[in-house]
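Below: the structure, in structure tokens.
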């Protein structure tokens, strides 16, 4: 730790590169895991896939909890992970160049393993998996491996604003002519409630499959291309520019991104609260405000919290393990084959449960990383990627 040459965790959750450690990246990833859990806890505990979380709010604390998540977490943390994914992929690319390794073959195996983890997660643990989507969209990064930093930024902004701008206009025209659309499905919510809370293991399995199909259709890949690929490219731009490695050189640029992303987030994340809540304002809130807030978190951590957030780093170093563990813990708590709390926990209580789970993960991650180089799932992932067993235990120092 005192030598100055440590391990830099790239990739989505943990590719090791023998360069100076950028600890803030691990800390940001650890912080993102908290946000992911805060958002997902409502889905773990109730059928919010089919009805709004407000449906389960019984008092002021519940309503404030739902609003807090909506403003500060919803649609803001998968973009943060997306940015780190793109950053890590291009760190991995640079490492492959330096060592003469076949990047395309290695990264393809990396994505294939991620897709496999996602399949297991989605169909046997929780329907809301994001790993498969990251793996599929990650294939498009091969189109940009020789792209300069300037053009990575241009492509990122172009692919973000043009499709979203078109969709916002189309949504507005549809809303202006036909009025707002009620997307709730109370009958499906009741079915999910019955199966997850009281069903057999097989009924839960079938319900999970139905929920996944409800979320994933022919338009889903298009949606993820619009939502994720631009942020992959923005992360790649950051990697090319070496933001984290050369902070002083890029401080003014990062400050500008921090300021403008904060202003965008302030305006668009709160849009449904100071105008009208409808399908258009909610789309803008999530698709424009959410990524803006994620960039604010990224840049604010880089500028102001580098030294104050090191306690989050162990969580981020084993983020894939912790992400899957969150699903295992929560489905055990809420589904019928565990404690059967599904539908019986109010939003405020669910929020408290999420915080307790995260605190436990922080403690566990610190304990694990004192003895091991990487998390257990990261070890499997790296073994598949490189076709050899990586070192797991830390070498004891005297």
Inset, instruction - With the checklist (1) at pLDDT below 95; (2) within 30 Å of residue 196 (Cβ to Cβ); (3) over 20 Å from the mean Cα position of the chain (by Cα) in hand, flag the one item residue 223 doesn't pass. - result: (3)
Inset, instruction - Please enumerate the residues belonging to region 52-70 that are touching a helix residue (DSSP H, G or I) at 6+ places or on another chain (Cβ under 7 Å), closer than 22 Å to residue 223 by Cβ and at pLDDT 95 or above. - result: 69
Legend entry - Extreme residue, modelled with the lowest pLDDT, among residues of region 338-382 that are closer than 14 Å to residue 319 by Cβ and assigned to a loop (DSSP other than H, G, I, E, B): 374
Inset, instruction - Tell me which of these residue 387 doesn't satisfy, since it passes every other one: (1) out of contact with any strand residue (DSSP E or B) (no Cβ under 7 Å at 6 or more places or on another chain); (2) exposed (fewer than 15 other Cβ atoms within 10 Å of the Cβ); (3) at negative phi. - result: (3)
Inset, instruction - Might you check whether a residue that is assigned to a loop (DSSP other than H, G, I, E, B), surrounded by fewer than 19 Cβ atoms within 10 Å (Cβ to Cβ) and under 20 Å from the mean Cα position of the chain (by Cα) occurs anywhere in region 188-201? - result: no
Inset, instruction - Scan (1) crowded, with 21+ Cβ neighbours inside 10 Å; (2) within 19 Å of residue 72 (Cβ to Cβ) for the single condition residue 348 breaks and write down its number. - result: (1)
Legend entry - From the options 314, 291, residue that is surrounded by 18 or more Cβ atoms within 10 Å (Cβ to Cβ) and under 18 Å from residue 79 (Cβ atoms): 291
Legend entry - Failed criterion for residue 308 (all others in (1) assigned to a helix (DSSP H, G or I); (2) more than 30 Å from residue 105 (Cα to Cα) hold): (1)
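Residues are listed down the side, and each one gets a yes or a no for (1) within 30 Å of residue 353 (Cβ to Cβ); (2) out of contact with any strand residue (DSSP E or B) (no Cβ under 7 Å at 6 or more places or on another chain); (3) surrounded by fewer than 23 Cβ atoms within 10 Å (Cβ to Cβ):
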residue: 47; (1), (2), (3): yes, yes, no
residue: 64; (1), (2), (3): yes, yes, yes
residue: 68; (1), (2), (3): yes, yes, yes
residue: 80; (1), (2), (3): yes, yes, no
residue: 95; (1), (2), (3): no, no, yes
residue: 108; (1), (2), (3): no, yes, yes
residue: 116; (1), (2), (3): yes, yes, yes
residue: 119; (1), (2), (3): yes, yes, yes
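Only one of 151, 87 is surrounded by 20 or more Cβ atoms within 10 Å (Cβ to Cβ) and more than 27 Å from residue 219 (Cβ to Cβ); which? Please lay out each step first, then the result.
Working: 151 fails: surrounded by 20 or more Cβ atoms within 10 Å (Cβ to Cβ).
The match here is 87.
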Legend entry - Residue count, region 345-358 (criterion: within 20 Å of the chain's Cα centre (by Cα) and farther than 16 Å from residue 322 by Cα): 2
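If we scan region 292-304, do we find a residue that is part of a helix (DSSP H, G or I) and touching a strand residue (DSSP E or B) at 6+ places or on another chain (Cβ under 8 Å)?
No, region 292-304 contains no residue that is part of a helix (DSSP H, G or I) and touching a strand residue (DSSP E or B) at 6+ places or on another chain (Cβ under 8 Å).
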Inset, instruction - Check off (1) crowded, with 21+ Cβ neighbours inside 10 Å; (2) at pLDDT 95 or above; (3) in contact with a helix residue (DSSP H, G or I) (Cβ under 6 Å, 6 or more places away or on another chain); (4) in a helix (DSSP H, G or I) for residue 76 and give me the number that stays unchecked. - result: (4)
Legend entry - Subset of region 252-278 [surrounded by fewer than 16 Cβ atoms within 10 Å (Cβ to Cβ) and in a helix (DSSP H, G or I)]: 252, 253, 255, 256, 259, 260, 263, 266, 267, 273, 274
Legend entry - Exclusive hit being modelled with pLDDT under 95, crowded, with 18+ Cβ neighbours inside 10 Å and within 27 Å of the chain's Cα centre (by Cα), set 244, 234: 244
Inset, instruction - May I ask you to list pairs of residues, at least six apart or on different chains, whose Cβ atoms are under 8 Å apart, with the first in region 78-103 being farther than 15 Å from residue 142 by Cβ and the second being surrounded by fewer than 17 Cβ atoms within 10 Å (Cβ to Cβ) and modelled with pLDDT under 95? - result: 95/101
Inset, instruction - State all residues of region 376-396 that are in contact (Cβ under 8 Å) with a residue 12 or more places away in the chain and farther than 21 Å from residue 111 by Cβ; if no residue qualifies, say none. - result: 391, 392, 393, 394
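Would you be able to tell me the number of residues in region 126-163 that are in a loop (DSSP other than H, G, I, E, B) and over 17 Å from the mean Cα position of the chain (by Cα)? Even if it seems obvious, please write down each step before you answer.
Taking region 126-163 first, the residues in a loop (DSSP other than H, G, I, E, B) are 126-130, 145-148.
Next, only the ones that are over 17 Å from the mean Cα position of the chain (by Cα) stay: 145-148.
Final tally of qualifying residues: 4.
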Inset, instruction - Could you look through region 205-220, keep only residues that are free of Cβ contacts under 8 Å to residues at least 40 places away in the same chain and in contact with a helix residue (DSSP H, G or I) (Cβ under 9 Å, 6 or more places away or on another chain), and pick out the one that is surrounded by the fewest Cβ atoms within 10 Å (Cβ to Cβ)? - result: 206
Inset, instruction - Could you tell me whether region 359-371 includes any residue that is free of Cβ contacts under 8 Å to residues at least 12 places away in the same chain, over 22 Å from residue 114 (Cα atoms) and under 20 Å from the mean Cα position of the chain (by Cα)? - result: yes
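The values are calculated or read from the model by the stated rules, or taken from the named source; none is laboratory data. Computed from a predicted structure; not experimentally measured. Cβ sites come from the backbone with ideal geometry, for glycine too, and all protein chains shown count toward neighbours.
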